[in-house]
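Visitor: I have a structure here, written as structure tokens, and I will follow up with some questions on it.
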Amino acid sequence: MQGNHCGSGKVKRAPAWAGAGLCILLSLLIVVVGCKKKEVAQPERVINVRVQAAETKSLRPFVEAVGTLKPYEEVIASSQVEGLLTRVRVEEGTPVAKGMVLADIYDTDYRLEVKRDEAALKQAEATLANAKIEYQRKNALYKEQLVTQQQFDDITTRLALADADVDRAKAALLLAREKLAKTRIHCPLQGVVKEKKVSTGDYVRNGTPLFTLIRIEPIKLLFTVTEKDVGKLRVGQQVQFKVDSMPGKEFTARVSIVYPSLEEKTRTLQVEALAPNRGGLLKPGLFTRVVLYTEAARPMVIVPITSILYDDSTMKVFLVEGDRAKERKVKTGNKYGELVEITEGLRAGEVVVVAGQNNLAEGVKVNVAR
């Protein structure tokens with residue numbers, strides 16, 4: 001009876017939460033396995049790039065700069081006497097030659113002063129002539145002791161005074177003629193009138209500015225170079241430059257002055273060159289783009305400037321080896337338009353990435369576009 005009782009007893013069932021936990025565990029396992037399958041199946045990223053081989057070219061090193069054209073000389077013509085301007089002979093832009101008359105000052109008073117001084121000189125010369133005759137006569141009598149020492153001394157004094165009066169009259173006449181000559185304002189150089197400051201009828205005084213005159217043949221080219229390029233400069237170097245107002249034209253100059261000290265704020269050095277300007281085509285004030293050749297042409301390794309990447313103070317390029325990108329640090333030299341010289345880190349013939357390199361890293365797989 002006890003055995004039957006045991007056999008007919010109820011079977012214990014698992015708690016409900018145990019089955020639910022098992023389901024959750026199986027779901028998580030399926031998700032993890034699925035994710036791993038997806039990760040394994042994800043293809044490797046490939047970057048599309050364009051490449052170009054580094055090459056050797058024979059180029060002439062140069063320094064690029066910007067500058068301005070200035071007159072070779074600039075002077076202000078002023079009046080040296082006072083009076084009324086009776087005629088102004090030039091305008092702005094008038095070509096002028098050295099010695100040319102630019103303006104006239106009323107000269108009647110100065111002419112009369114010349115005549116007065118001429119008359120005074122004649123009178124002084126006549127007085128001197130009479131004194132000389134009397135001196136000769138008194139000197140002969142003095143030798144024979146027919147005149148006193150006092151009388152001889154008197155004529156000697158009068159002769160000296162008469163001679164001094166002649167010298168004084170000559171100086172006064174010379175000054176009067178000089179003033180008369182200065183009533184005509186002469187040009188001190190060959191060039192062009194930059195500015196006319198007066199008009200006919202103006203009253204001018206000694207020192208009044210009348211005209212600003214400039215000489216533009218040759219013309220000065222002023223430009224600055226950076227501190228690192230100072231050692232490449234020397235007098236006589238050839239300079240090529242262009243101006244925006246005449247596209248397609250190139251002009252030549254020669255370095256004439258290398259200034260002795262740098263500008264402290266900008267750390268640049270000013271340079272002056274002279275350019276021929278016989279036809280007056282180049283105008284002072286024009287902005288210029290300058291190329292200063294620093295040495296003879298030499299072979300160098302060059303790549304497109306777009307291939308260079310900057311990482312703080314270092315520069316690098318990406319090469320393509322097989323189907324992988326390889327990073328290479330380089331050092332650069334001069335720029336030549338769209339090209340740049342590689343002084344260290346690259347050999348001619350090595351293939352560098354010129355487009356798409358911003359997306360690259362060491363070892364990334366690449367696809368070279370054809």
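Visitor: For segment 275-290, give me each residue that is in contact (Cβ under 8 Å) with a residue 12 or more places away in the chain and surrounded by fewer than 17 Cβ atoms within 10 Å (Cβ to Cβ). Spell out the reasoning first.
Guide: Pass one, segment 275-290, residues in contact (Cβ under 8 Å) with a residue 12 or more places away in the chain: 275-278, 280-290.
Correct list: Pro276, Arg278, Gly280, Leu281, Lys283, Gly285, Phe287, Arg289.
Visitor: In segment 140-153, what count of residues is obtained for those that are outside any helix (DSSP H, G or I) and either among the polar types (S, T, N, Q) or modelled with pLDDT of 90 or more (or both)? Lay out the reasoning, then the answer.
Guide: Initial filter on segment 140-153 (outside any helix (DSSP H, G or I)): 144-148.
Remaining after also requiring either among the polar types (S, T, N, Q) or modelled with pLDDT of 90 or more (or both): 145, 148.
Qualifying residue count for the region: 2.
Visitor: Just for segment 229-250: of the residues that are among the acidic types (Asp, Glu) and within 16 Å of the chain's Cα centre (by Cα), which one is surrounded by the fewest Cβ atoms within 10 Å (Cβ to Cβ)? I'd like the intermediate steps shown before the answer.
Guide: To start, the set of residues in segment 229-250 that are among the acidic types (Asp, Glu) comprises 229, 244, 250.
When the remaining residues are screened for being within 16 Å of the chain's Cα centre (by Cα), the result is 229, 244.
Numbers: Asp229: 19, Asp244: 9.
My answer is Asp244.
Visitor: Is at least one residue of segment 198-210 touching an Asp or Glu at 6+ places or on another chain (Cβ under 7 Å), farther than 30 Å from Tyr142 by Cβ and surrounded by fewer than 20 Cβ atoms within 10 Å (Cβ to Cβ)?
Guide: Our first condition is that a residue be touching an Asp or Glu at 6+ places or on another chain (Cβ under 7 Å); within segment 198-210, this holds for 204-206.
In the following step, the residues that additionally are farther than 30 Å from Tyr142 by Cβ were identified as 204-206.
With surrounded by fewer than 20 Cβ atoms within 10 Å (Cβ to Cβ) added as a condition, the list becomes 205-206.
Looking for residues that are touching an Asp or Glu at 6+ places or on another chain (Cβ under 7 Å), farther than 30 Å from Tyr142 by Cβ and surrounded by fewer than 20 Cβ atoms within 10 Å (Cβ to Cβ), one finds at least one in segment 198-210, hence yes.
Visitor: Do we find a residue being assigned to a loop (DSSP other than H, G, I, E, B) and within 15 Å of Thr294 (Cα to Cα) anywhere in segment 239-261? Even if it seems obvious, please write down each step before you answer.
Guide: So in segment 239-261, the residues assigned to a loop (DSSP other than H, G, I, E, B) come out as 244-250, 259-261.
Those left that are additionally within 15 Å of Thr294 (Cα to Cα): none.
The answer is no; no qualifying residue exists.
Visitor: Quick one: would you say Val166 is under 30 Å from Leu282 (Cα atoms) and either modelled with pLDDT of 90 or more or of a type in the set (Ser, Thr, Tyr) (or both)? I'd like the intermediate steps shown before the answer.
Guide: Values: under 30 Å from Leu282 (Cα atoms): no; either modelled with pLDDT of 90 or more or of a type in the set (Ser, Thr, Tyr) (or both): yes.
So Val166 does not fit the description; no.
Visitor: Something else about it: Scan segment 93-109 for residues that are in contact (Cβ under 8 Å) with a residue 12 or more places away in the chain and within 22 Å of Tyr203 (Cβ to Cβ) and jot them down. Give the steps one after another, and end with the answer.
Guide: Here is the first cut: in segment 93-109, the residues in contact (Cβ under 8 Å) with a residue 12 or more places away in the chain are 93-107, 109.
Val101, Leu102, Ala103, Asp104, Ile105, Tyr106, Asp107, Asp109, listed by residue number.
Visitor: Moving to a separate point now. Just checking, which of Leu282, Leu269 is touching a Ser or Thr at 6+ places or on another chain (Cβ under 7 Å), of a type outside the set (D, E, K, R), in the same structural domain as Thr224 (by TED's automatic domain parsing) and under 30 Å from Leu222 (Cα atoms)? Quick ask: steps written out before the conclusion?
Guide: Details: Leu282 fails: touching a Ser or Thr at 6+ places or on another chain (Cβ under 7 Å).
Criteria check complete, one pass: Leu269.
Visitor: Output the qualifying pairs, or none if there are none: Cβ atoms under 8 angstrom, residues six or more apart or on different chains, first residue in segment 167-185 and in contact (Cβ under 8 Å) with a residue 24 or more places away in the chain and buried (at least 17 other Cβ atoms within 10 Å of the Cβ), second residue part of a helix (DSSP H, G or I) and of a type in the set (S, T, N, Q).
Guide: Ala169/Gln123
Visitor: What about Lys329, is it more than 30 Å from the chain's Cα centre (by Cα), surrounded by 12 or more Cβ atoms within 10 Å (Cβ to Cβ) and modelled with pLDDT of 85 or more? Give the derivation first.
Guide: Details: more than 30 Å from the chain's Cα centre (by Cα): yes; surrounded by 12 or more Cβ atoms within 10 Å (Cβ to Cβ): yes; modelled with pLDDT of 85 or more: yes.
Taking the combined requirement at face value, the residue satisfies it.
Visitor: Go through segment 189-206 and count every residue that is among the β-branched types (Val, Ile, Thr) and more than 26 Å from Lys283 (Cα to Cα). Quick ask: steps written out before the conclusion?
Guide: Taking segment 189-206 first, the residues among the β-branched types (Val, Ile, Thr) are 192-193, 198, 200, 204.
With the extra rule that they be more than 26 Å from Lys283 (Cα to Cα), the set shrinks to 200, 204.
Selection size over segment 189-206: 2.
Visitor: Looking only at residues in segment 352-370 that are within 41 Å of the chain's Cα centre (by Cα) and surrounded by fewer than 16 Cβ atoms within 10 Å (Cβ to Cβ), which one is farthest from Lys228 (Cα to Cα)?
Guide: Asn359
Visitor: Kindly state which strands (runs of 3 or more DSSP E) lie completely within segment 52-125 and contain at least 3 residues that are β-branched (Val, Ile, Thr). Quick ask: steps written out before the conclusion?
Guide: Numbers: elements: 55-59, 62-70, 73-78, 83-88, 101-105.
Counting at least 3 such residues, we get 62-70.
Visitor: Quick one: would you say Glu44 is surrounded by fewer than 17 Cβ atoms within 10 Å (Cβ to Cβ) and either touching a Gly at 6+ places or on another chain (Cβ under 7 Å) or at pLDDT 90 or above (or both)? Show your work before the answer.
Guide: Values: surrounded by fewer than 17 Cβ atoms within 10 Å (Cβ to Cβ): yes; either touching a Gly at 6+ places or on another chain (Cβ under 7 Å) or at pLDDT 90 or above (or both): no.
Taking the combined requirement at face value, the residue does not satisfy it.
Visitor: Hey, another quick one. Quick check on my filter: what residues within segment 332-366 are of a type in the set (S, T, N, Q) and at pLDDT 85 or above? Reasoning before the result, please.
Guide: Taking segment 332-366 and keeping what is of a type in the set (S, T, N, Q), we get 332, 334, 343, 357-359.
Thr332, Thr343, Asn358 - these are the residues of segment 332-366 that are of a type in the set (S, T, N, Q) and at pLDDT 85 or above.
Visitor: Within segment 211-221, identify whether any single residue is more than 29 Å from the chain's Cα centre (by Cα), of a type in the set (Ser, Thr, Tyr) and closer than 30 Å to Val81 by Cβ, and answer yes or no. Spell out the reasoning first.
Guide: Step one: filter segment 211-221 for residues more than 29 Å from the chain's Cα centre (by Cα), giving none.
The answer is no; no qualifying residue exists.
Visitor: Kindly indicate the residue of segment 188-231 that is touching a strand residue (DSSP E or B) at 6+ places or on another chain (Cβ under 7 Å) and without any contact (Cβ under 8 Å) to a residue 40 or more places away in the chain and also farthest from Leu274 (Cα to Cα) among those meeting that condition.
Guide: The qualifying residue farthest from Leu274 (Cα to Cα) is Lys197.
Visitor: Name the single residue, out of those in segment 148-159 being surrounded by 13 or more Cβ atoms within 10 Å (Cβ to Cβ) and not charged (D, E, K, R), that is nearest to the chain's Cα centre (by Cα).
Guide: Among those residues, the one meeting the criterion is Leu159.
The values are calculated or read from the model by the stated rules, or taken from the named source; none is laboratory data. All figures in this text were calculated on a predicted structure; none of them were measured in a lab. Neighbour counts run over all protein chains shown; Cβ positions are idealised from the backbone, glycine included.
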